[in-house]
Each structure stands twice: as structure tokens, then as C-alpha cells.
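Derivation of every value follows stated rules applied to the coordinates shown; laboratory data play no part. Just so you know, these numbers come straight off a predicted model, no measurement behind them. Heads up, the Cβs are rebuilt from the backbone with ideal geometry, glycines too, and the neighbour counts pull from every protein chain shown.
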Amino acid sequence: MTLGLDVENPRRLPPKAVPRSIVVLGATGSIGTSTADIIKNSGGAFDVVAVAGGRDPIALAKVARELGARFAALADDSGYSALKDALHGSGIEAAAGRAAVVEAALHPADIVMGAIAGTAGVEPTYAALSAGRTIALANKECLVCAGAAFIRQAKAMGTQLLPVDSEHNAIFQALGDAEPDTIEMMTLTASGGPFRAWTAEAIAKATPEQALKHPNWAMGPKVTIDSAGLMNKGLEVIEAHHIFGIEAERLDVLVHAQSVVHGLVAFRDGSVTAGLAAPDMRVPIAHCLAYPERLTTHARRLDLAAVGQLTFERPDFARFPALRVALEALRTGRGLPTVLNAANEVAVEAFLKHRISFHDIARLVEACCEAALRDGTASEPASVEEALAVDHIARESARTLLAEGRGFGMLTTC
């Protein structure tokens, strides 16, 4: 009933004597670390055939050894020697570079955890999908950048995209066997991040150190900055549009400081179902890795009495303009979500390097979207290759705007 989710023909866990084989892309990041914890405590339910990481050869070698992987690929080819040395005597094959990460993704496996952060995860995740692998999707950029191509390929291959993001996973579980036309509204919740109660003036002057202090979640720096400005929620709305085949008008956002209710589905008969869990990424990860079965995990349990109260409020677009920009990109369509995603990655990097102000992130992204509409570079990408080409153009546009200054806060040069 949902695009990318073949719930009528789920792939069941094999008997315990035959572990489910898995590839972990992004094994050294926050999602990868939580995935490793699930695997190590699963009682032998998984056989790790390959892992891939970004720039840290020592961390990748460590997780490869811990999980008993047979192949380890590092995206940064300059770290090959260090990775090979760290794996010496283990019997684990080492490789490095962009092609090596794709090679890891293509290893035969029952499921691939797609957790490489940013647009860097698009190519290897799509390669795994095209090879017919079930994808546990933790990289939202795949669908923001090239959603139509991913969903089309998932349907063509008859395989599944299982949502790892806590909000989409909660909605997936809350949907049951509902038909799309019975849904009035899907709601994703946002914690509000560290600036939920700050004034617009204070948010505009926030430092990277302040923005990285998320009250509920431990995540990588890029997604943490996105969360602080609610851009992350905008990206997730775009992702939900593709995963569930729901148009923008039936997608909503609520700020929910406790991060207990992760997603809600309202039906035309007035019923509302919701997905609740403690803010622990091991919950949705375990759900996807074992789907449609259930694993016993060490994830935090939800104690509603201890939580005490659950609060909800509408997002304030004046204080969090990034969310508005993202929602407008979805409603406009064409290639604008691809442009949005690319420009945002450039803007967040500039902010983390103290080159622009927090306020400038949304301003830069919006300026790039407007420029793409003016010059015609925001056409709908028909393939992953076209999406990555639009992404490249948008990044160059963002860097040009940064280099020219154009009134961006602390910027001197890019």
C-alpha cells in the first residue's frame, strides 16, 4: 500500500540456525554504532559480510573486527594503508575509495543498512537497491536528493526500503494495513532541538558549540545542526512524501519536546494511531533489521509515568525559517528538493567552520533555491545520475554565493 514498502510480501528472518546476512554502510557513524550494538546483542541473528566507513580507518577496523565482517571499505582512499595495517592478521579484506564503498554495498546480503551521512550515501545505497537488496534506510538524503528514482527502482526490483528514521519508522508501524486514501494526515514530530525556547535574535547568533548540544539525541554533527534549525524535519517531510506516497498537503509537523511520540497517523474516521518509544535509535534500527519479526534488545524502555507529560506545539516559521524553506521546496517540486539538500550541506559545513552565522544557513539555502528556479537548473531529475548532477550544480552555486559574500554573517571567503 505504500511506495517502497512491500508489506504484503515481507522477507522474514531465516531460522535462527541461518543468520540474516547484512552489510553496514556508515558503520562508524552514530547509526552504525547503534546498529553494531544491535548485532552484537542479537544472539547470532546476523552475519556481517561487509562494512563501510568514511575517513577513520582505525574506527572502521575496530568495528569490522568486532562484527566479524569479511570486507571493510573506507571512503577516503588515503586511509587505505592504515586500514590494512589495522586489519592485519584478521582475515578481513581491506579496500578504500568511492568504488570500494560501492563494492561493499554490492556484497550479497539479505539486508543493507544505508547509514552513510549526506549525499555521499546516495550512490552506494542505490547500487545495493538496484542489486535487489532490502534497504534499511537511515540516509534521508537518498530520498530528498533522488526520491523518485529510488522509489521507482524499489518497485521495479520488488524490494523494500525500510525507514530507520525514528519518525518514519513510527509512522510505518502506526499505519498497519491502512490504504493511502483512508489517511487524512501524517504528522512527524520534532524535539525543537536546543533552541526550542530561544528568541529569534538569540538563535541567529548561536554558535556551532551551542547548536551541537541536542537535548534528546546523540547524532552526527551535520544532522544535529539540521535538527537545531528544524531543517532536519523539513528533509524528513520530503522523505515521508516519497516513502509513503503522500502529498505535501497531508504531511504535518509538531514540535514535541519529550521525543516520545515520533509520528502520528490520522484517519478519515477520526482515529489517530501513533508510534511511541524512548528516544533511542536502537528501537527503529532493530525493527528494520528484523522486520517483520521482533528482536529482543537492550534499547531503553519507555516509562510514561516517569516522563510525566507530553507537550505539543506548532513550529514557529519565523524563528525556524529552514523548515519553511524545505516545505516550500517540496510543494514547488521539480528538482528543488535536490537543490535544497545540496545547498544545505554546504551551508552547514560553512557554519561549523564559523564562516557564516546560524541565521545564514536558511538564507543561503533559500537563495540557492531561488537561483535554481531563475536559471532553470531545478528541473526534475529522472535518474540518480541526473540528481547528482543537479546536486553538483547547486553546491557550486552555494559556494559562489558564499565566496561573493552577499551579506552572509561572519563570512569572509569560502
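Data overview
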quantity	calculated
Efficiency of FRET between Asp269 and Ala156 - r from beta-carbon atoms, R0 41 angstrom, step 0.05	0.75
Three-way shape call for the chain based on the alpha-carbon gyration tensor, with the a/c threshold at 1.5	rounded
Estimated FRET transfer efficiency (Leu302, Ala218; beta-carbon r; R0 22 Å; 0.05)	0.80
Using a Förster distance of 30 Å, the FRET efficiency for Glu404-Asp77 (Cβ separation, nearest 0.05)	0.40
Full-extension gain in nm, Met185 to Asp316, via 0.36 nm per residue minus C-alpha separation	45.2 nm
Most mobile of Ala367, Ala72, Ala52 in a GNM of the chain (Cα contacts under 10 Å)	Ala367
The chain: relative contact order in percent, alpha carbon pairs under 8 Å with at least 6 residues between	16
Charged-residue dipole, Cβ positions (Lys, Arg, Asp, Glu), region 157-214 about Cα centre, Debye nearest 20	480
Protection proxy ranking of 184-192, 170-178 - average other beta-carbon atoms within 10 Å, highest first	184-192, 170-178
Spatially proximal lysines relative to Lys155 (Cα-Cα < 23 Å; intrachain offsets below 8 disregarded)	Lys140
Unit charges on C-beta of K, R, D, E only; dipole of region 333-404, Debye	240
Cα shape, region 39-145, gyration tensor, a/c 1.5 rule	oblate
Net charge of Cβ neighbours under 14 Å - reference Ala96; Lys, Arg +1; Asp, Glu -1	-3
Long pairs among Lys62/Lys84; Lys213/Lys233; Lys222/Lys353; Lys213/Lys353; Lys40/Lys233; Lys40/Lys222, criterion Cα-Cα beyond 22 Å	Lys40/Lys233; Lys40/Lys222
Neighbourhood charge, 10 Å Cβ-Cβ cut-off, centred on Asp165 and excluding it, Lys, Arg +1 and Asp, Glu -1	-2
Most fluctuating residue given options Asn41, Asn232, Asn216, as computed from a GNM of the chain linking Cα atoms under 10 Å	Asn41
Farthest positive-ward along region 144-301 dipole, Cα basis, beta-carbon charges - from Ala211, Ser271, Pro284	Ala211
Relative contact order, percent, region 333-404 [alpha-carbon distance under 8 Å, six or more residues apart]	47
